[in-house]
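Below: one structure, written as structure tokens.
The values are calculated or read from the model by the stated rules, or taken from the named source; none is laboratory data. These numbers come from a predicted model, not from an experiment. Every residue, glycine among them, receives a Cβ derived from its backbone with ideal geometry; neighbour counts consider all protein chains shown. Ligands, DNA and RNA are stripped out before the accessible areas are found, and what is left, the full protein with its side chains, is counted by its heavy atoms. Shrake-Rupley method; radii C 1.70, N 1.55, O 1.52, S 1.80 Å.
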Amino acid sequence: MSGTPDSEIVLTPLDEEALVRLLDVAVEGADPLEVLPPMDGPPGWTPERREAFLVFHRRVSLDPETATTTAWTIQVGSTIVGGARLHPVHRGKSVEIEAQVWVARWARGRGIGKWVTETLIDAAREGGGGRYVASTTTDNKAAQRLMKSVGANVDLHDGGVDSHLEI
Ligand SMILES: CC(C)(COP(=O)(O)OP(=O)(O)OC[C@H]1O[C@@H](n2cnc3c(N)ncnc32)[C@H](O)[C@@H]1OP(=O)(O)O)[C@@H](O)C(=O)NCCC(=O)NCCS
């Protein structure tokens, strides 16, 4: 599927109401490992993982006491199609901006991931720049291709794939 006009894609700051809708989209259109750090227990969207999704996003981006990450829903028109996060990590004088983007299966391959990544890179650059980084697994060719397509260096190693772009 191709041809989603850029003008239809919007990044909307995550809030509590959108988080609940985002969970529904994740359950319907993504594997837990694509959207959440790994956790113990049986695979799939168990009740524990659904709860963990909410708890995780509240902790890292919604609760002002604990937030370290800026998160958005990705919308096409009024439909949520995925999520995005930026987590700046200060290392001495330099900053690494860890990015996580996911798009629901039914919306993939339309240029949305690339548009979002380019928009996040622009936002990170406007926020002072640094090293934009994203990690994935060796079998995730879509993520590797996505990072190459925005000009990142993509390094394969035993433990996975790390991408970085100086911005
Ligand atoms: C990775 C992901 C965000 C890509 O989103 P998307 O909207 O499908 O990507 P786009 O349509 O914008 O495509 C971006 C690039 O990847 C390529 N691509 C997309 N899907 C691909 C696939 N399955 N295999 C190989 N390349 C693929 C596109 O051709 C495009 O490259 P190009 O600009 O050189 O032509 C999406 O597959 C996803 O959510 N995966 C699960 C979560 C994840 O892996 N996130 C990334 C963590 S770093």
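Side notes on the structure shown:
- Out of T70, T66, one residue alone is closer than 16 Å to L14 by Cβ, open to solvent by 50 Å² or more (accessible area, probe 1.4 Å) and within 17 Å of the chain's Cα centre (by Cα). It is T70.
- Close contacts from region 90-111, counting a first residue that is over 20 Å from T79 (Cβ atoms) and a second that is hydroxyl-bearing (S, T, Y) and surrounded by fewer than 20 Cβ atoms within 10 Å (Cβ to Cβ), with Cβ to Cβ under 9 Å and a gap of 6+ residues or different chains, come to E98/T69; E98/S135; Q100/T69; Q100/S135.
- No other residue among R105, R145, R110 is within 10 Å of the ligand (Cβ to nearest atom), open to solvent by less than 80 Å² (accessible area, probe 1.4 Å) and of a type in the set (K, R) apart from R110.
- In region 25-61, residue surrounded by the most Cβ atoms within 10 Å (Cβ to Cβ) [restricted to those that are part of a helix (DSSP H, G or I) and without any contact (Cβ under 8 Å) to a residue 12 or more places away in the chain]: R59
- Residue, nearest to the ligand (Cβ to nearest atom), within region 148-167, restricted to residues that are modelled with pLDDT under 95 and among the small types (G, A, S): G160
- Scanning region 89-109 for residues that are touching a helix residue (DSSP H, G or I) at 6+ places or on another chain (Cβ under 9 Å) and within 26 Å of V20 (Cβ to Cβ) yields A99, Q100, V101, W102, V103, A104, R105, W106, A107, R108.
- Within region 121-142, considering residues that are part of a helix (DSSP H, G or I) and closer than 22 Å to V35 by Cα, the one farthest from the ligand (Cβ to nearest atom): A123
- Total residues in region 84-102 satisfying the condition of being surrounded by fewer than 18 Cβ atoms within 10 Å (Cβ to Cβ) and either within 13 Å of the ligand (Cβ to nearest atom) or on the phi > 0 side of the Ramachandran plot (or both): the figure is 3.
- Per the listing V81, V116, the residue uniquely open to solvent by less than 60 Å² (accessible area, probe 1.4 Å), within 13 Å of the ligand (Cβ to nearest atom) and either of a type in the set (S, T, Y) or part of a strand (DSSP E or B) (or both) is V81.
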